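J.: I am attaching a structure below and will ask some questions about it afterwards.
All of the numbers you see were taken from the coordinates with simple rules; none came from a lab. Note that the coordinates shown come from a computational prediction; the quantities given were computed from them, not determined experimentally. As a convention, Cβ positions derive from the backbone with ideal geometry for all residues, glycine included, and neighbour counts pool all protein chains shown.
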């Protein structure tokens, strides 16, 4: 409604929306403005009501953003952005990983997102951008009703999207996106497993219905073991109350020695995005999937408490020496065979500038009891004592904490243990 005097007032948009929704068919009038509050009157069937909203000085309104010129972009941009955004981090303390990176690559552009446990890179797109940037997540840009025909533009600080009558200008995320190409696994003699399209409904049902959510260990409910049985892909989970459960997908294939624990929700999201064929080295290294259009997805397996699956004795990979790095390589965890015959995993070292605090305990290690003060503990023979590995069968499935990608490793591209 028109007021008698001109002026401007700044109010919180959420407070105003809440007030207008309550008004329904009532008339809304701005009656008066004071330095610290705005008086608003609603008139209707319930009579006249007066509300007061906090107001702010007009000079606190930020400077208007510049008009950024735009050019037509690839019609697949908005759909691709909606596909990769779910794989970005939602942790507010990792602000750079909250957005989608748009990076130039061999004359085209890629959209890349990661949350530290998984990474998704899109197929190449043709975009009218001459720089790399990070676009923050925004509900408007992910709105499914936007026209696929869009135009883009960017300067040093802002990114602009125009679709139909709508225009969105946002401030870019400042910071350096992780060097994600350095953590792409380099599998030697990889093993693969493939989800057949006809098995996708059964796979989704298995992910949602296989027990595990009532487990004592919280991460038990999130873990599924992917393994091979008679050439077919089998899903397995263990519940502390009901025991072990398996579900075989009849048309999905898996190579021999496929055995890897994965976070069920992460795999389901990746499969819905079109990643159905996966390559793996062992149960410790990242697995990778590629689509025909060039999209890439990398996922870290879950950490297990107990003996993991390693190459057979005599075929263990020989990695770099402890504490050393190999420029441009892929520093996988190494294995060694102590007296007793069982492989022991040595987690890759953590960069001191990335992690602080005490070093993580090795899997399966038991703290060694200290001798009382003033006494000397007798020597134990090699292979004896609680801290020494002993031969024996693999323990029951005990999923542990999730492993994390190390996408900002400057030299190794390794996976950092949690």
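J.: Based on the Kirkwood radius over alpha-carbon pairs, what value in µm²/s does the Stokes-Einstein equation return for the translational diffusion coefficient of the range 113-191 at 25 °C and 0.890 mPa s?
T.: Translational diffusion coefficient: 162 µm²/s.
J.: Where the convex hull is taken over the Cα atoms of the range 253-306, what is its projected area averaged over directions, in nm²?
T.: 4.1 nm²
J.: Turning to a different aspect of this structure: Provide the gained length on full extension for the span residue 156 to residue 39, in nm with one decimal, where the gain is 0.36 nm per separating residue minus the Cα-Cα distance.
T.: Numbers: separation 117, 0.36 × 117 = 42.12 nm, distance 4.05 nm.
Fully extending the segment from residue 156 to residue 39 adds 38.1 nm.
J.: Report the label-to-label distance for residue 106 and residue 53 in nanometres (one decimal), using points 7 Å from each Cα along the Cα→Cβ vector.
T.: Reported label-point gap for residue 106 and residue 53 is 5.2 nm.
J.: May I pose another question? Given a Förster radius of 41 Å and the C-beta distance between residue 245 and residue 139 as r, what FRET efficiency does 1/(1 + (r/R0)^6) yield to the nearest 0.05?
T.: On the way: r = 38 Å, r/R0 = 0.93.
After rounding, the FRET efficiency stands at 0.60.
J.: For an R0 of 41 angstrom, estimate the FRET efficiency from the Cβ-Cβ distance between residue 272 and residue 166 and round to the nearest 0.05.
T.: Efficiency for this residue pair is about 0.95.
J.: Could you work out how much longer the chain between residue 28 and residue 208 gets when fully extended? Use 0.36 nm per residue separation minus the Cα distance between them, nm to one decimal.
T.: Value of the extension gain: 60.0 nm.
J.: Under the 0.36 nm per residue contour assumption, what length would be gained going from the current alpha-carbon distance of residue 126 and residue 18 to full extension?
T.: Gain on extension, residue 126 to residue 18, equals 34.7 nm.
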